[in-house]
1. Which pairs do you get when a residue that is farther than 17 Å from A:MET7 by Cα, found in region A:139-153, comes within reach of a residue that is outside any loop (DSSP other than H, G, I, E, B) and polar (S, T, N, Q), reach meaning Cβ atoms under 7 angstrom, with the pair 6+ apart or on two chains?
2. Specify which of the listed residues (C:TYR300, C:TYR281) is open to solvent by 20 Å² or more (accessible area, probe 1.4 Å), of a type in the set (Phe, Trp, Tyr) and either assigned by TED's automatic domain parsing to the domain that holds C:ALA66 or touching a helix residue (DSSP H, G or I) at 6+ places or on another chain (Cβ under 8 Å) (or both).
3. Pairs only if they're at least six apart or on different chains, beta carbon under 7 angstrom, first in region C:1-21 and under 12 Å from C:LEU141 (Cβ atoms), second open to solvent by 60 Å² or more (accessible area, probe 1.4 Å); list them, first residue then second.
4. Condition test on B:PRO286, is it closer than 17 Å to B:ASP326 by Cα and away from chain C (no Cβ under 14 Å)?
5. Does C:MET303 meet the test of being within 14 Å of another protein chain (Cβ to nearest Cβ), in contact with a Gly (Cβ under 7 Å, 6 or more places away or on another chain) and of a type outside the set (Asp, Glu)?
6. Scan C:SER173, C:SER241, C:SER248 and give me the residue that is among the small types (Gly, Ala, Ser) and at pLDDT 95 or above.
7. From the list B:GLY369, B:GLY416, pick out the single residue that is within 25 Å of B:ASN258 (Cβ to Cβ) and either of a type outside the set (S, T, N, Q) or surrounded by 16 or more Cβ atoms within 10 Å (Cβ to Cβ) (or both).
8. Residues of region B:73-82 being open to solvent by less than 10 Å² (accessible area, probe 1.4 Å) and assigned to a loop (DSSP other than H, G, I, E, B), which ones?
Amino acid sequence: MKKKHIMDAKGIERALTRIAHEIIEKNKGVEDIVILGIPTRGVHIARRLSHIFKTIEGAALPVGSVDATLYRDDIGMKEVQPALKRTDIPVPIDNKKVIIVDDVLFTGRTIRAAMNVIIDFGRPANIQLAVLIDRGHRELPIRADYVGKNAPTSMQEKVKVHLKETDGVDEVVVEE
Amino acid sequence: MNRLLIKGGRVIDPASGIDGLFDVYAVGGKIAAVKPYEPSAFSLQPNDWTVIDAAGLVICPGFIDMHTHLREPGYEYKETVQTGAMAAAAGGFTSVACMANTNPVNDNASVTRYILKKAQEEGIVNVFPVGAISSGLKGETLAEIGELKEAGCIAISDDGRPIVSSGLMRLALEYAKPFNLPVISHCEDAWLAIDGVMNEGFISTKLGLKGIPNAKEDIMVARDIALAELTGGRLHIAHISTKGAVQLVRNAKQNGLNVTAEVTPHHFTLTDEAVIGYNTNAKMNPPLRTKKDIDAIKTGLQDGTIDAIATDHAPQNSDEKDVEFDKAANGIVGLETALPLSLRLVAEGVMSFNTLIEKLSTNPAKLLGLDSKGSLKVGADADITIVDLNKEWVVDAKELKSKSRNTPFDGWKMKGRVVKTIVSGKVVYEE
Amino acid sequence: MRLKRKDILAIEELTKDEIELILSTAESFKEVSEREIKKVPTLRGRTIINLFYEPSTRTRTSFEIAAKRMSADAINISTSSSSVVKGETLKDTARNLEAMNPDCIVLRHPSSGAPEMLARLVRCSVINAGDGSHEHPSQALLDLLTVKERFGRIAGLKIAIAGDIAHSRVARSNIHGFAKLGAEVSIAGPPTMMPSEIEKMGCKMFYKVEDAIRDAHVIMVLRIQLERQKTGLFPTAREYSKLFALDSKKLEHAAKDVVILHPGPINRGIEISSDVADGKYSLILEQVKNGVAVRMALFYLLMGGSRE
């Protein structure tokens, strides 16, 4: 199996810092922002972003998780049922700016499902999307507002984001 | 006049003490001679003799099933005299005693005559009706036992139901004496565990099914033995299933009472674990018991406490079995699997093949007073079963000759099979 | 860990891992029930038939709510309201329902083993919602979830089950479930209500409630069916309640943080005194809440995969 490192710890840190600044710039501050990560790694990235905001702006932002499993469009089509993760929306999201955070943006189907979950919880002012890696191959009309790195891949390749919290190391690899 | 020669087989006839290579000659439906094997006998086959080469096979007196339900009249959708007789022949049974719980009940001479007429017209094997003990099987008053005997009944029984009233059972044992009819008793206490559907024990507890304790049988066997002692009557315990009942019969015999007993192949083959999965083909009455009961039954077969192996062949339509376990009908078909299941006991060393023939033929003939059957003595009826002891085969319920398919042995690998069944010198079944 | 079963028929056949998967999945579904919009689209287009041959409000409603919160179409068929079922054999009913192409049938039936029979007859999933005196798996799962939430664990807890064990499917399912997850299970009741060789199922048997509940963390009180008195299993309701009902005096033998479960509906003053039923120990309402979550989890785990 061929492995290609496309990001190391330093690169991930730099990318997240840049994303944080872009979010602040685009939203003219951090007021009314709620960060919702998609389990498992999206939640960790969301927490890291929140941490960066705290150092930049001095204020902690509400962080939660949004599990899109129950809203997936392939329920009953895969051999085994996908495992459920936690959904935890920490504050009411009506009129808030919700930023969905995930590790890899691929087909866009998970993001579609996550948006449906969020909308069932309330009516945010807007929903934005931040991802560490955009690997292309969209199957739905979805694009990220904030991208750590664009990584063109073939369909056969797998993009794996490893994080200290879950994998003991910060890196992004492409496997064939 | 038919003439039959069965050549070169191992002849086993416990009644005449024969076990060896013999040629059996039957003329006009009777055994004409049993002579030491003579390879050259009839090497030029004469026209008027049928010659069967039985080399490598076992020739024994035809099996006699003391306990069959032929279901006719009344329940022809389950079995008829004809289909039941075909199943019997396929299982090596040349005679069957059919129970009285038909509709109408065989509690009067006209029903007996109807069954015998059917048997004569369509029956392949000998059919001996068992008359009812009580009128309508109601357990209230005696049936016309004398007339039943005259019409051809060879025993009386309310099988399927116990005789609840001790008073009536006493009368039956007394009244049957001059007619020399055995009283076959279906032993279960009527008031204990009324709604039980399987053996009471860990399995019934786990499955949440109502249990039937051994005591339900033991109580009634004890009562009937006491009544046999009181009356000097002729008591036969049907389908014995418990350790306690075996011991009670053993004691009764030791005390010189005229008490005999039979066991079914399923009661010495299967335990209540066969019910797991709510298998309605493992539902019967008495229920399948435990290993400890099976061990006691095997000892009882060994020491002669249990005289006979009988099938309790109880055909049920699939509609009566493909239902919830507690609603399912009791019983299984047994004629076509009795021999191979019994042969497992021979393989286990529980008894010799000769003893098995006693349990399947010699003894049932004696118990039912069928003097010309159950042996290959000269002059006896030429009812003969030829068995291949080494033939391996697999039970396929769909292939059974019986009209019904309710067997828990579907798919079982068996060893030993009936090759030919001969009734009155005529081959009625060939594998 | 995934559930690869077609049916949920009995706790006895589930492994410890499978039970834990169901419980953790149910925990996720509790959150769904607390949302403003208590509905997820997961089982959209799926058909679930609640086939009830016995009257039941609690269990049927719970399954129905669970199905609806998953966006499945839930259809209720009960013997009292349906001519389809009257006089028709279970086999024929199964064939008819199969023709309607459901994804899951939830069956409550007075005959032990009926769900197993149905499962053999239909291609869709079957959930046993209580069969005769056999099992009531979803009830045991919700009891396990309730106890796990309260104590943070099951292993090592002492569980006492009191009442008519012989006729109780709830007792059987719970004995299997709690024993599999490492709890110590005791049962108590009059000997006439103890089935044969019950201890082989992995529990200790007592005739005195006080002995069974000694140091117990959880006491499960079974409903006494008063019609059983006619069969003579106990002399009078008065004597039963005096000797076997859980009251505050007997409760002194239990652990300080004891909780009480009851599968409902309660016969106040017969198997449990009112002060105990309404007291601080009772988790009865929590059980009801967890019932919906557990049943959502079962639906999800049975229908969330393709099985092909």
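The values are calculated or read from the model by the stated rules, or taken from the named source; none is laboratory data. Not measured: the values here are computed from a predicted model. FYI the Cβ positions are ideal-geometry reconstructions off the backbone, even for glycines, and counts take in every protein chain you see. Calculation scope for accessible area: heavy atoms of the full protein, side chains included, ligands and nucleic acids excluded. Shrake-Rupley method; radii C 1.70, N 1.55, O 1.52, S 1.80 Å.
1. From region A:139-153, the pairs are A:ASP145/A:GLN128.
2. Answer to the check: C:TYR281.
3. Correct list of pairs: C:ILE19/C:LYS180; C:LEU21/C:MET1.
4. For B:PRO286, the condition - closer than 17 Å to B:ASP326 by Cα and away from chain C (no Cβ under 14 Å) - is met.
5. So C:MET303 passes the test.
6. C:SER173
7. Within the list B:GLY369, B:GLY416, the selection yields B:GLY369.
8. So the first thing to find is which residues in region B:73-82 are open to solvent by less than 10 Å² (accessible area, probe 1.4 Å), and the list is B:79, B:81.
Answer for region B:73-82, where residues must be open to solvent by less than 10 Å² (accessible area, probe 1.4 Å) and assigned to a loop (DSSP other than H, G, I, E, B): just B:GLU79.
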